[in-house]
Amino acid sequence: MTPAIIDRRCLPKGRRILVISDIHGNLSYLRALLEKAQYLPGKDVIILCGDMLEKGPQSLQTLRYIMRLAAEGEVYPLLGNCDGWHTLLRSHGEELDFHTRDYILHGNRVDQGPPLLRQMCQEMGFPLTDDMDMEALRVELATHFAPELDFLASLPHVIETEHYTFVHGGLPEGESENWDAYRCMKNDAFMQQGRRFDKWVIVGHWPVMLYREDITCANPIIDRESRIISIDGGNVLKDDGQLNALVIPYDGSEDFSHIAYDPFPVFHAREAQEGSKKSIYVRWGDNLVRVLARGAEFSRVRHERTGYTLDVLSKYLYGTEEVVRCNDCTDYVLPVKKGDALSIVEKTSRGYLAKLDGVSGWYFGKLQEEEQE
């Protein structure tokens with residue numbers, strides 16, 4: 001067990017606090033979110049709740065941008081399970097070398113960005129080969145990227161203040177001096193563990209939409225009974241995900257709100273429609289389906305666990321003939337009023353997969369022709 005590093009600090013009084021998690025190397029989203037939030041150094045505090053890196057397109061650039069933010073203002077990052085490369089690079093072992101080499105060469109899905117270490121190798125001009133010398137790579141990385149690795153090594157696993165505890169995955173059971181660092185960083189489905197706390201615990205890691213089976217919603221979940229707030233909006237990981245900032249007006253406030261960014265074009269509805277009475281959200285971890293009729297654009301499938309049938313975009317299906325899975329999808333029909341602003345995720349022959357106030361679903365009406373800013 002590696003003991004968790006806990007940073008106990010007092011936040012500046014009277015300043016707005018922006019809490020952001022799971023940036024995942026998506027620098028354009030982070031910049032756009034801070035602009036939308038009108039972030040001001042010296043006026044605002046930022047807490048970055050881990051998973052700043054990996055999976056997105058610009059892990060190295062995102063790391064350097066965060067380092068600049070931290071040097072210029074009250075910006076406090078903490079470690080997530082995707083951020084701890086400084087630990088791996090300062091460890092040794094044949095099996096560890098094998099997995100690290102494999103991740104550098106093949107890590108992340110094709111539609112995601114290159115791993116941080118691959119970006120570092122490319123910047124140094126270090127040859128990416130199946131037999132690359134991991135000891136030589138460690139030496140070169142430690143020299144070339146000392147500021148970046150030292151910055152990561154300086155970060156805590158938990159930030160605790162008078163009113164809030166910030167952690168990426170969740171808090172382990174037991175006393176804080178016995179908390180395991182990895183369990184703080186990776187603590188799946190933390191809100192479903194039946195825990196209650198005296199002060200607010202604010203976490204990322206587990207995309208908030210995974211807590212529901214009927215409707216896809218990317219907005220933060222605020223559970224006032226348990227005093228847990230989960231804020232991971234599925235940025236990078238979900239096709240319709242967003243990057244959230246939990247907004248705390250000042251230290252000690254419980255008047256929480258949020259600001260979200262996604263890049264989808266926004267149009268206004270020209271027609272109203274009623275919402276679904278029944279729907280399903282097929283999501284990661286529970287996405288095994290059976291194809292009943294495959295089509296060029298849509299396919300009819302049955303969700304294996306529930307027996308529920310629905311039409312999904314055929315491009316969302318993957319796997320083998322025997323085992324077919326589906327990207328996160330829903331048949332939920334959005335309740336829309338005329339004039340509602342809809343973020344359009346997909347345009348299809350049947351209608352639009354859209355988002356309304358963070359909730360994803362289908363809109364079958366007409367849109368205004370002009371795009372709204």
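Can you find a residue in segment 29-38 that is farther than 22 Å from residue 155 by Cα, basic (Lys, Arg) and either open to solvent by less than 10 Å² (accessible area, probe 1.4 Å) or more than 14 Å from the chain's Cα centre (by Cα) (or both)? Within segment 29-38, one or more residues are farther than 22 Å from residue 155 by Cα, basic (Lys, Arg) and either open to solvent by less than 10 Å² (accessible area, probe 1.4 Å) or more than 14 Å from the chain's Cα centre (by Cα) (or both). Of the listed requirements (1) part of a helix (DSSP H, G or I); (2) open to solvent by 10 Å² or more (accessible area, probe 1.4 Å), residue 209 misses just one: (2). For segment 344-357, residues that are in contact (Cβ under 8 Å) with a residue 60 or more places away in the chain, within 23 Å of residue 221 (Cβ to Cβ) and either surrounded by fewer than 22 Cβ atoms within 10 Å (Cβ to Cβ) or touching a Cys at 6+ places or on another chain (Cβ under 9 Å) (or both) total 3. The C-beta contact set for segment 358-373 (first residue modelled with pLDDT under 70, second residue not in a strand (DSSP E or B), distance under 9 angstrom, 6+ apart or interchain) comprises 371/265; 372/265. Do we find a residue being of a type in the set (D, E, K, R), open to solvent by 20 Å² or more (accessible area, probe 1.4 Å), under 30 Å from residue 308 (Cα atoms) and in contact with a strand residue (DSSP E or B) (Cβ under 7 Å, 6 or more places away or on another chain) anywhere in segment 167-190? Within segment 167-190, none of the residues are of a type in the set (D, E, K, R), open to solvent by 20 Å² or more (accessible area, probe 1.4 Å), under 30 Å from residue 308 (Cα atoms) and in contact with a strand residue (DSSP E or B) (Cβ under 7 Å, 6 or more places away or on another chain). If you check 96, 137 for being of a type outside the set (Gly, Ala, Ser), open to solvent by 30 Å² or more (accessible area, probe 1.4 Å) and over 30 Å from residue 18 (Cα atoms), only one passes: 96.
Apart from one condition, residue 168 fits all of (1) touching a helix residue (DSSP H, G or I) at 6+ places or on another chain (Cβ under 9 Å); (2) over 30 Å from residue 122 (Cα atoms); (3) not basic (Lys, Arg); the exception is (2). The residue that is farthest from the chain's Cα centre (by Cα), counting only those in segment 225-267 that are within 16 Å of residue 38 (Cβ to Cβ) and among the small types (Gly, Ala, Ser), is 257. Does residue 295 fit the bill of being touching a strand residue (DSSP E or B) at 6+ places or on another chain (Cβ under 6 Å), part of a loop (DSSP other than H, G, I, E, B) and modelled with pLDDT of 95 or more? So residue 295 does not fit the description; no. Considering 130, 102, the condition of being open to solvent by 50 Å² or more (accessible area, probe 1.4 Å), free of Cβ contacts under 8 Å to residues at least 60 places away in the same chain and outside any helix (DSSP H, G or I) is satisfied by 130 alone. Residues that are more than 22 Å from the chain's Cα centre (by Cα), open to solvent by 30 Å² or more (accessible area, probe 1.4 Å) and of a type outside the set (D, E, K, R) within segment 54-86 comprise just one, 71. Count of segment 298-313 residues, restricted to those that are outside any loop (DSSP other than H, G, I, E, B) and open to solvent by 60 Å² or more (accessible area, probe 1.4 Å), is 2.
Within the group 202, 222, which residue is touching a strand residue (DSSP E or B) at 6+ places or on another chain (Cβ under 9 Å), in a strand (DSSP E or B), surrounded by fewer than 21 Cβ atoms within 10 Å (Cβ to Cβ) and not charged (D, E, K, R)?
Working: 202 fails: surrounded by fewer than 21 Cβ atoms within 10 Å (Cβ to Cβ).
Among 202, 222, only 222 is touching a strand residue (DSSP E or B) at 6+ places or on another chain (Cβ under 9 Å), in a strand (DSSP E or B), surrounded by fewer than 21 Cβ atoms within 10 Å (Cβ to Cβ) and not charged (D, E, K, R).
May I ask you to list the residues in segment 106-123 that are at pLDDT 90 or above and open to solvent by 40 Å² or more (accessible area, probe 1.4 Å)?
118, 122, 123, listed by residue number.
The values are calculated or read from the model by the stated rules, or taken from the named source; none is laboratory data. Remember, predicted model here, so these are calculated numbers, not experimental data. Virtual Cβ from ideal backbone geometry, glycine too; neighbours counted across all protein chains shown. Heads up: the accessible areas ignore ligands, DNA and RNA and are worked out on the full protein's heavy atoms, side chains in. Shrake-Rupley method; radii C 1.70, N 1.55, O 1.52, S 1.80 Å.
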